[in-house]
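A quick write-up on the structure given underneath.
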Amino acid sequence: MFIEQIYDLAVEMGIKNDLRGIKEVKKILNRLKKKYEKMSKKEKQEFDKERLTNPFSDTRILNKTNKPVKKILTGIDMNVSELLLADRLGDIDLILAHHPTGRALAFGLDDVMHLQSDILNMYGVPINVAESLLQIRIDEVSRSVAPSNHNRVVDAAKLLKMGLMCVHTPADNCVASFLKKLIEKRKPEYVEDILELLKSIPEYQEAMKIGAGPRIFAGRPENHCGKIALTEITGGTEGSPKIYEKMAQAGIGTVVAMHLSEEHRKAAEKAHINAVIAGHIASDSIGINLFLDELEKKKIEIVPCSGLIRVKRFGKNKA
Ligand SMILES: [Fe+2]
Ligand SMILES: [Fe+2]
């Protein structure tokens, strides 16, 4: 496989596992295409054309190479240190990061957050409320990533002539859809049932061994779950703390999230919403693992690092 084929597969899997549904994602792409067609020549020159086919701006090829990819070094955060590690290992063709870097961080992280308002709307929060509350946070995120030296890793990849890409929201969509299906199938009744359900997943079992397993951040184990929402697994980063009150009004009882800041935790508690924190790196690992399985099936060797808990879900040694 070449780097572009790996990238196309990531986008395809991201669309297929998007909680909004394939039809809705295609509709968003079509709308953007129509806007692009109406742009002036100068606007078209400045426009990132990848956005016409890839709805996830936080997923990009950051340094393209032309040789076939046989071995990938992959992890949650891939920095210059991981690139040097790849150079030391010697036969790595591609660095695959989960968290965005380079232009995928600068343009992408705030852009993919719009997905959150659509998901909140699916769970009953009026779209106007979700959009207006989220927009404040989107602007904050956009400003917060602006001063970072985000192209540092890309510069190093160019010097080492090493392929580099990041796959963020497509992988997060994979874990969101995986957990949603599991919760719908097992129908947990109490908060502690959700915790038990998560603890049956190998990535979370491994995370528990290093003190990063699933935890309840708000509510009690004996509480009824009520309506369970997976609003904080995908969609870039943490949304607005003001949303919990609106979620409670929309009938949501429990939120399953990857991580939760103290400000958000307090807001959830105040709104009487239970918050189950699945764990950041373990949840990210599930999403990226579902993608890596498809690459491994195509005979690409996977070398996990940087926090990634590699679990295979196919073949002889599957979990
Ligand atoms: Fe993630
Ligand atoms: Fe993450």
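Readers should treat all values here as calculations from the given coordinates under stated rules, not as data from a laboratory. Computed from a prediction, not measured in an experiment: that's the story for all the values here. FYI the Cβ positions are ideal-geometry reconstructions off the backbone, even for glycines, and counts take in every protein chain you see.
Which residues, taken from the stretch 68-92, are outside any loop (DSSP other than H, G, I, E, B) and within 16 Å of ligand 1 (Cβ to nearest atom)? Full working, then the answer.
Going through the stretch 68-92, the residues outside any loop (DSSP other than H, G, I, E, B) turn out to be 71-75, 80-89.
Scanning the stretch 68-92 gives THR74, GLY75.
Screening the candidates VAL191, VAL175 for the property of being away from ligand 1 (no atom under 16 Å from the Cβ) and of a type outside the set (Phe, Trp, Tyr) yields one hit, VAL191.
The condition (being exposed (fewer than 14 other Cβ atoms within 10 Å of the Cβ), more than 30 Å from PRO304 (Cβ to Cβ), of a type in the set (Ser, Thr, Tyr) and under 23 Å from the mean Cα position of the chain (by Cα)) is satisfied by just one residue among SER148, SER132: SER132.
Do we find a residue being more than 16 Å from ligand 1 (Cβ to nearest atom) and more than 18 Å from THR169 (Cα to Cα) anywhere in the stretch 94-116? Give the derivation first.
Residues of the stretch 94-116 that are more than 16 Å from ligand 1 (Cβ to nearest atom), as a first pass: 94-95, 102-103, 106-107, 114.
From what's left, more than 18 Å from THR169 (Cα to Cα): 94.
Taking every residue of the stretch 94-116 in turn, at least one turns out to be more than 16 Å from ligand 1 (Cβ to nearest atom) and more than 18 Å from THR169 (Cα to Cα).
Taken together, the residues in the stretch 233-265 that are of a type outside the set (Gly, Ala, Ser), within 16 Å of ligand 2 (Cβ to nearest atom) and farther than 20 Å from GLU192 by Cα amount to 4. Restricting the stretch 266-319 to residues that are acidic (Asp, Glu) and more than 15 Å from ligand 2 (Cβ to nearest atom) leaves a set whose member that is farthest from LYS16 (Cα to Cα) is GLU269. For residues that are surrounded by 24 or more Cβ atoms within 10 Å (Cβ to Cβ), hydroxyl-bearing (Ser, Thr, Tyr) and either free of Cβ contacts under 8 Å to residues at least 24 places away in the same chain or within 16 Å of ligand 1 (Cβ to nearest atom) (or both), tally how many sit in the stretch 239-289. Within the stretch 239-289, residues that are surrounded by 24 or more Cβ atoms within 10 Å (Cβ to Cβ), hydroxyl-bearing (Ser, Thr, Tyr) and either free of Cβ contacts under 8 Å to residues at least 24 places away in the same chain or within 16 Å of ligand 1 (Cβ to nearest atom) (or both) number 2.
Look at (1) surrounded by fewer than 18 Cβ atoms within 10 Å (Cβ to Cβ); (2) within 17 Å of the chain's Cα centre (by Cα); (3) away from ligand 1 (no atom under 11 Å from the Cβ) and you find that LEU292 fails only one, number (1). Against the numbered list (1) of a type outside the set (Phe, Trp, Tyr); (2) touching a residue at least 60 places away in the same chain (Cβ under 8 Å); (3) crowded, with 23+ Cβ neighbours inside 10 Å, SER57 comes up short only at (2).
In the set (1) outside any helix (DSSP H, G or I); (2) closer than 19 Å to ASN173 by Cβ, the condition left unmet by ALA130 is number (1).
Take PRO188 and tell me if it is of a type outside the set (D, E, K, R) and touching a Cys at 6+ places or on another chain (Cβ under 6 Å). Let's see the steps before the verdict.
Values: of a type outside the set (D, E, K, R): yes; touching a Cys at 6+ places or on another chain (Cβ under 6 Å): yes.
Considered against the rule, which asks whether it is of a type outside the set (D, E, K, R) and touching a Cys at 6+ places or on another chain (Cβ under 6 Å), PRO188 comes out as yes.
Considering only residues of the stretch 186-243 that are under 21 Å from LEU290 (Cβ atoms) and of a type in the set (Lys, Arg), which is farthest from the chain's Cα centre (by Cα)? Only one residue tops the list, namely ARG186.
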